[in-house]
1. Tell me yes or no: at least one residue of the range 318-325 is more than 14 Å from Ala485 (Cβ to Cβ), under 20 Å from the mean Cα position of the chain (by Cα) and away from ligand 3 (no atom under 16 Å from the Cβ).
2. Could you count how many residues in the range 415-442 are among the hydrophobic types (A, V, I, L, M, F, W, C) and closer than 16 Å to Thr375 by Cβ?
3. Just the residues that are assigned to a loop (DSSP other than H, G, I, E, B), within 16 Å of ligand 1 (Cβ to nearest atom) and either surrounded by 24 or more Cβ atoms within 10 Å (Cβ to Cβ) or in contact (Cβ under 8 Å) with a residue 40 or more places away in the chain (or both), please, taken from the range 245-281.
4. Within the range 247-257, which residues are touching a strand residue (DSSP E or B) at 6+ places or on another chain (Cβ under 9 Å) and either more than 15 Å from Val296 (Cα to Cα) or modelled with pLDDT under 95 (or both)?
5. Go through (1) surrounded by fewer than 24 Cβ atoms within 10 Å (Cβ to Cβ); (2) in a loop (DSSP other than H, G, I, E, B) and name the single condition Val360 misses.
6. From the list Val300, Val296, pick out the single residue that is in contact with a strand residue (DSSP E or B) (Cβ under 9 Å, 6 or more places away or on another chain) and within 16 Å of ligand 3 (Cβ to nearest atom).
7. Look through the range 383-402, keep the residues that are part of a helix (DSSP H, G or I), of a type outside the set (D, E, K, R) and touching a residue at least 24 places away in the same chain (Cβ under 8 Å), and return whichever of them is surrounded by the most Cβ atoms within 10 Å (Cβ to Cβ).
8. Which residue out of Val301, Val370 is surrounded by 24 or more Cβ atoms within 10 Å (Cβ to Cβ), away from ligand 1 (no atom under 14 Å from the Cβ) and within 23 Å of Trp413 (Cα to Cα)?
Amino acid sequence: MAELTVSSKNPAGAKVDALVVGTHTTSDGVAIVGGDLPRPVVAALEGLAPALGITGAADEVRKVPAGPELKADVLVLVGLGARRADGTFSAESLRRASGAALRALAGTSSVAVALPVEDEAELGAVAEGALLGAYAFARYRTGEATAASRPPATVEILAGSSRSAAAKAAVERAKVVAAAVNATRDLVNAAPNDLFPAAFADVAKQAVKDSGAKGLKVTVLDDKALAAGGYGGLVGVGQGSARGPRLVKVAYAPSRPAAKVALVGKGITFDSGGISIKPAKGMEAMKSDMAGAAAVLQTVVAAARLGLPVAVTGWLCLAENMPSGTAQRPSDVITIRGGKTVEVLNTDAEGRLVMADGLVAAVEEKPDVVLDVATLTGAQMVALGNRVSAVMGADDVRAEVVASADAAGEQFWPMPLPEELGASLKSKVADLANIGDRFGGMLVAGLFLQEFVGETPWAHLDIAGPAFNEGSAHGYTPVGGTGVAVRTLLGLVEGRAQR
Ligand code: BES
Ligand code: MN
Ligand code: ZN
């Protein structure tokens, strides 16, 4: 990750390759904000903005020569969009602008960012955005990484009030959060021949070691242990692959925790659909079907690194969904941990099967709340598109997730679990079928999971679209793995510390 520092230096004196300032749209043109640059520089740029095609719109990045009045080589103008009614910018606008600027500065080595920061929260947002924008996935590139694609090595945030304890804490938190999100992206982007269930379990162990945090413990159940423990969902989905399933428990246990949170993540390291095989076109994106488990792992690690006074246990439900002579068949009946039977009518509805096992294991430990995160349904994308995730579940937990997402700058929208839709999950032979009505498919999947949480307060996060960006990069979001849900989940855990 880029090395990030904060100072209250004057931007005009910053000796860097690139100095970033903000632009925004006003009623009579474009205004420059954040830099406190010399008046003549600001006046000249604002006057030239129309000719330079600068509008101040979000995601707009323009580079101009910094000129003799500034010590930087290049001045970068990044759009913040329109101001809010009270004249300020939202933390998320700042986060996105900071990220868009750093993303456009790949190939530059030193960067200073001077955006309009009014408090610690906004300072944290700018820092977070910068570190998220300075992300690159180069694992599989051989030879010298081309200089032009390397993210900046150093980022200096220029902000007036950088010395207070609160400012320092906000920046430290931003570093932990960005590291967690970027590590989630790395996992999602990893090729599925490298990241199979056992390899993912090793990554979890290594991540815990590398974190240096106290109170973290990893337990791995392999295929034999899963069969012995009655985890029929993980065993059934995993049996078609030469690389067996795993259930990984990552527990963070501080002394005298204020609350106990369980997180369950879908970790299908590749979803071919199994015998109900998917069409070839677009199947490659199904390497991202483990994004929920990656987000859960990194959220637990981040909670530990921050030393939060909340016990957090992550459950990674890992399997590879493959067609083969040993794969499960449509019409197989499996038994989920705890004893409920499921008729597998479509082997491509595998996520809910492994998640059912994970949810049962999680609630056995009697957490105060359980949240599950999964790239569960194509129907999520039909309903909400690629940038808005869905949340279903108990009304209060669902509202807690939405509030946490809003505060973190992630988009989660509340969705219902209509009881009557549950009837479509009836099986002719078993307690439940694994598919139901096609209409409302996301809600049907949520209703299926609801069968396995008992009385524990619960919410289900469907991140099918937002987990993997198949379009172009925007704001601090790169192409490929996005790391979605980490910030929302971590914020929720932090909130539980204060209840
Ligand atoms: N992993 C997919 C859902 C998915 C689709 C995630 C596209 C991201 C992008 C899931 O396992 C799946 O295949 N779901 C089926 C369920 C259906 C068979 C009931 C789906 O949504 O088509
Ligand atoms: Mn599937
Ligand atoms: Zn899947």
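1. Checked against the condition, which is being more than 14 Å from Ala485 (Cβ to Cβ), under 20 Å from the mean Cα position of the chain (by Cα) and away from ligand 3 (no atom under 16 Å from the Cβ), the range 318-325 yields no hits at all.
2. Residues that pass the stated criteria total 2.
3. Passing the criteria: Pro245, Ser272, Gly273, Gly274, Ile275, Ser276, Ile277, Lys278.
4. Ala253, Pro254, Pro257
5. The failed condition is (2).
6. When all the criteria are applied, what remains is Val296.
7. Val401
8. Just a single option satisfies the conditions, and that option is Val370.
The values are calculated or read from the model by the stated rules, or taken from the named source; none is laboratory data. None of the values given here were measured: they were computed from a predicted structure. Note that each Cβ is placed from the backbone with ideal geometry, even for glycine, and that neighbours are counted across all protein chains shown.
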